[in-house]
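The values are calculated or read from the model by the stated rules, or taken from the named source; none is laboratory data. Source: prediction; values computed, not measured. Accessible surface is based on the protein model in full, side chains and every heavy atom, while ligands, DNA and RNA are left aside. Shrake-Rupley method; radii C 1.70, N 1.55, O 1.52, S 1.80 Å.
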Amino acid sequence: MAVRADTDQIPLARPVLGEEEELAVIEVLRSGQLSLGPRVPAFERAFAARVGAPHASAVSSGTAGLHLALRAVGVSDGGEVVTSPFSFVASANAAVFERARPVFADIDPVTLNLDPDAAAAAVTERTAAILPVHIFGYPADIPAFERLGLPIVEDACEALGAVHPDGVAVGGRGHPAVFGFYANKQLTTGEGGMVTMSDAAMKERIDSERNQGRAPDMGWLDHDRLGFNYRLSDIAAAIGLAQLDRLDGMLAGRARVAARYGEALAGIEGLGLPCPDRGGAVRGWFVYVVQVPRGHARDDVLRALREEHGIPSKPYMPAIHLMSFYRETLGHREGEFPVCEDVAARSLALPFFPEMTDGQVERVAGALARVLGQAP
Ligand SMILES: Cc1ncc(COP(=O)(O)O)c(C=O)c1O
């Protein structure tokens, strides 16, 4: 069947950008200070205040932030980092950058976050850190990981706007928490990231290591430790500041679209929907991911949505331990993390962005129902 020609194309994701971002960028261009200027600390202060963290360090990506945060809590050669196999590959890669070993543990079938009991069982005397991921913006149970008494780095790349059951915003618990600002995120700077934390010495270390190991009071050519170029530019920070101003509206837009999806998809038998907020937790909506009913091949559903209805979707996300790099280097195989593998095999990210209209949501939901043979 041909792609429908009578309707507009629905993108998978689309950032909200307006005149404020344009003006902010022009102002930086006119100032002549494109990097290491005043917008970076201004963005850091505003972001830290937003999540209730004492400090924040802006970095060039979420991946860079995870790398620096793991170094900052002491992960190094031969150490182990217990983490979720149901995440974007960067959360495990960041440990490998330091020649440490990511040790996967299975996920909770409801929240899809790292299961604290499974994580506890994976701890050894070599465990240097626990790296829980707030997957799809749903807050991980950080207090349960705190009880393990090990350093924690939170992968909050998908979780801006999320709130823990006790009312603390994700990123505000004091552990280094890493946010990502790629173009599909709740807030974007094109590429970029932020590490929030309570420890001032940790901020100093991260600020130095993102900037070639340069100490704050040294001249350009003096470096007292190994560092990287993980800086965020002033252009990106200016976009970030403008995006922060519109964050509440963008988060509300995502929550509205998610609620609409929930209603529109409720009647599809066997379809797994994102878990509702529990016990006071608030999801910071990032993506809308469903699990196709058992008995349907997810990739066939994806293909039919695209070819028969012109609707893009994504197999999001694949299990990290089954990616070829991790199979080859760490010897992982099917069957090790059954909950993660089942969820990953059935997961499908549907089009999702703050300005998605009710009509677009209904079109996606109707197409999915038809593809699954459940059209009313
Ligand atoms: C869970 C998770 N971790 C890490 C990252 C890496 O962030 P970035 O793409 O900014 O490096 C992402 C974003 O894609 C992510 O979704």
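How far is helix 247-265 tilted, in degrees, relative to the longest principal axis of the Cα atoms in the chain, given as a value from 0 to 90 rounded to the nearest 10?
Compared with the principal axis, the helix lies near 30 degrees.
Helix-only mean residue ellipticity at 222 nm, the chain, DSSP H runs n ≥ 4 weighted -39,500 (n - 2.57), per residue, nearest 500. What is it?
-11000 deg cm²/dmol
How long is segment 139-183 along each principal axis, judged by its Cα atoms, biggest number first, in Å?
35, 21, 14
With a 1.4 Å probe and every protein chain left in place, work out the accessible area per residue of the chain in Å², rounded to a whole number.
Accessible area per residue, the chain: 41 Å².
Have a look at the DSSP beta bridges in the chain and tell me what percent are antiparallel, nearest 5.
Percentage antiparallel, nearest 5: 60.
Work out Dmax and Rg for segment 335-376 from the C-alpha atoms and quote the Rg first, both in angstrom.
For segment 335-376, the Cα-based Rg and Dmax read 14.2, 41 Å.
Answer rounded, prolate or oblate for the chain, using the Cα gyration tensor with square roots of eigenvalues a ≥ b ≥ c: rounded when a/c is under 1.5, else prolate when a/b is larger than b/c, else oblate.
Taking the square roots of the gyration eigenvalues as a ≥ b ≥ c, the chain is oblate.
Quick one: helix 62-72 against the long Cα principal axis of the chain, what's the angle to the nearest 10°, folded into 0 to 90?
Orientation of helix 62-72: about 40 degrees from the principal axis.
In a GNM of the chain with a 10 Å cut-off on Cα contacts, which of Thr357, Thr196, Thr127 has the highest mean-square fluctuation?
Fluctuation is largest for Thr357.
Once you treat every alpha carbon in segment 103-229 as an equal point and sum by Debye, what is log10 I(q)/I(0) at q = 0.18 Å⁻¹?
-1.03
For the chain, which whole percent of the accessible surface, found with a 1.4 angstrom probe, sits on carbon and sulfur atoms?
Accessible surface attributable to carbon and sulfur in the chain totals 53 percent.
Is the shape of segment 274-360 best called rounded, prolate or oblate, per the rule: a/c under 1.5 gives rounded, else a/b larger than b/c gives prolate, else oblate, with a ≥ b ≥ c the square roots of the Cα gyration tensor eigenvalues?
Oblate.
Could you work out how far helix 298-309 tilts from the main Cα principal axis of the chain, as a 0 to 90 degree angle to the nearest 10?
70 degrees
Using a Gaussian network model of the chain with C-alpha springs under 10 Å, which one of Arg306, Arg101, Arg39 is most mobile by mean-square fluctuation?
Maximum among the listed residues: Arg306.
Classify segment 194-252 as rounded, prolate or oblate from the Cα gyration tensor: take a ≥ b ≥ c as the square roots of its eigenvalues, call it rounded if a/c is under 1.5, otherwise prolate when a/b beats b/c and oblate if not.
Cα axes put segment 194-252 in the prolate bin.
Restricting to segment 71-192, what percent of DSSP beta bridges are antiparallel, rounded to 5?
If I count the DSSP bridges inside segment 71-192, around 15 percent turn out antiparallel.
Between segment 104-168 and segment 39-63, how many Å separate their Cα centres?
21 Å
Quick one: the Cα spread of segment 223-287 along its three principal axes, in angstroms, biggest first?
60, 28, 23
Give me, ordered by chain and number, the residues 5 or more places off Glu154 or on other chains with an amide H under 5 Å from its own placed amide H.
Amide H neighbours of Glu154, under 5 Å, 5+ apart: Ala177, Val178.
I want to verify a result. In a Gaussian network model of the chain, Cα cutoff 10 Å, which of these has the top mean-square fluctuation: Arg45, Arg14, Arg327?
Looking only at Arg45, Arg14, Arg327, the biggest GNM fluctuation is shown by Arg327.
With equal scatterers on the alpha carbons only and no solvent term, can you work out the Debye log10 of I(q)/I(0) for segment 68-132 at 0.13, 0.16, 0.22 1/Å?
With no solvent term, the Cα-only Debye profile gives -0.30, -0.45, -0.83.
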